[in-house]
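The values are calculated or read from the model by the stated rules, or taken from the named source; none is laboratory data. Keep in mind that what you see is a predicted model, and the values were worked out from it rather than measured. All Cβ positions, glycine included, derive from the backbone under ideal geometry; neighbour counts span all protein chains shown. All accessible areas refer to the heavy atoms of the entire protein, side chains included, with ligands and DNA or RNA removed. Shrake-Rupley method; radii C 1.70, N 1.55, O 1.52, S 1.80 Å.
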Amino acid sequence: MSGSADRLPRLLALVPYLMSHPGAQVGEVAAVFGLSEKQLIDDLQLVWMCGLPGHTPGDLIDVSWDGGEIVIDNADTIARPLRLGIDEASALLVALRMLAATPELAEVPGDALPRVTAKLERAAGEGAATVSSQVAVDVDAAPDALPRVREALTGKRRLSLRYYVPGRDEVTPREVDPTRIVVVDGRAYLEGWCYRAEAMRLFRLDRMLGVDVLDVPADPPEEAEPIDVTQGVFRPSPTDELVELELSAAGRWVAEYYPCEEVTELGEGRLRVALRARDEDWILKLALRLGDTGRVVSPPAMAETVRREAERALALYAHRS
C-alpha cells in the first residue's frame, strides 16, 4: 500500500481526472492510477471529507461510486490540473531532453517522447527557450556520432574525433580505441583509450564535432581499465579551490551543468552556488561566459581577477568598435 507521501499528489491528480472523465468506472480509474479497487475506494472516501474551510456539507466535495460509476461534484475549486512553476517545467524539460539523448532510446520507434517534450515547451512558453539556451552545448555536434561510435565498437576499429573541450573552449583532435558507451546523469559518453592523453578517457557524444571510423584495429594497452562512473563523471579534488558564484535565473544552468557542493536559493530564481574550480583559467572562462547572468563572490582575489579581465575585454571591444 502506498504511503501518505504518495497519496497526497495522487489525490490532487485524481479529482481533476474525475471531473474531466464523467461516468468513469472504478476499475478503469484504478488501472489508470496503478491502484487496486480497494485502494481507489479508500482514496475516494478521503476525497469525500475534503473541501473548502468551514467543513459544512456545502463546502465538502461530493463523491459517490454506487454501481461502479464514479460521480463527483462540488470540486470546482481544485478541479484544475496543477500548474508547473518555471523551475518545475525547467527540470522536466532538462530530464526529457537528456532522456531523448540516451542511446538506448535513440532507435526506439514512436514519437511519444518528442510529443511530450513539445507539449511541455508550448506550455512553458518563453521559459522553454530559456531552458534550451541553458542546457545546450554551443557546438555543432556531429549528428552521426552515435552510429559511428557503435560501428567502431562493433567492428573493433579506432576512432578519429574532433572533440570540443568546454573547460578550455577549444576543439582538439583525438584518436581513440573505443571500449564501451556509458550513460551517466542522462548523458551518453564514449569510453576509450585516448592516444593524445595516453590514458582512458570519457567523451560526451554531444561534444563530438566530427567522428570517423579508421581502418585501424582498436588495440588498447593492457593498462586500459574501465573508468568508475558510479559517483559521476567529474569528481573535483578536495584540494581544488572552492569558488562561490551568485547566479541570476538565466544563469541557473551552472547548477545543472557542474557538480556543486552547495546550492542556495536566493529568491526570484537566483542561486548562490559553491563549486570546486579545476584552475583559475577554467573559472575565469566560466565567469566571462556568464556575463551579467552571474558573478564570482569569493574568493575575493578570484572575483578581482574576473573583474579586471572583463574590463580588459570591454576595452578591447570598445577600441575595435
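Calculated FRET efficiency, Thr305 to Glu151, Cβ-Cβ distance, R0 = 41 Å: about 0.35 to the nearest 0.05.
Report note on the peptides 153-164, 25-36: ranked by the mean count of other C-beta atoms within 10 Å, highest first, their order is 153-164, 25-36.
Could you compute the FRET efficiency for Leu288 and Asp215, with r as their C-beta to C-beta distance and R0 at 35 Å, rounded to 0.05? Computed FRET efficiency for Leu288 and Asp215: 0.25.
Stretched out straight at 0.36 nm per residue, the stretch from Glu198 to Asp62 would grow longer than its current Cα-Cα span by 41.9 nm.
Surface composition of the range 241-318: carbon and sulfur atoms hold 52% of the protein heavy-atom accessible area at a 1.4 Å probe.
Taking amide H positions as modeled 1.01 Å from N, with prolines and chain starts lacking one, the residues under 5 Å from Ala218 and 5 or more places away or on another chain are Arg157, Arg158. Normalised by 2.2 N^0.38 Å, where N is the number of residues, the alpha-carbon radius of gyration of the range 241-318 equals 1.06. The calculated FRET efficiency for Glu223 paired with Ser298, based on their beta-carbon distance and R0 = 51 Å, is about 0.80. Listed values for the range 200-216 are Karplus-derived 3J(HN,Hα) couplings in whole Hz (6.51 cos²θ - 1.76 cosθ + 1.60, θ = phi - 60°), namely 6, 9, 10, 10, 5, 5, 7, 10, 8, 7, x, 9, 10, 8, 8, 7, 9, and x replaces Gly and Pro.
Accessible area per residue for the range 146-217, computed on protein heavy atoms with a 1.4 Å probe, is 47 Å².
Projected onto its three principal axes, the C-alpha set of the range 146-217 covers 31, 25, 21 Å, listed from the longest axis down.
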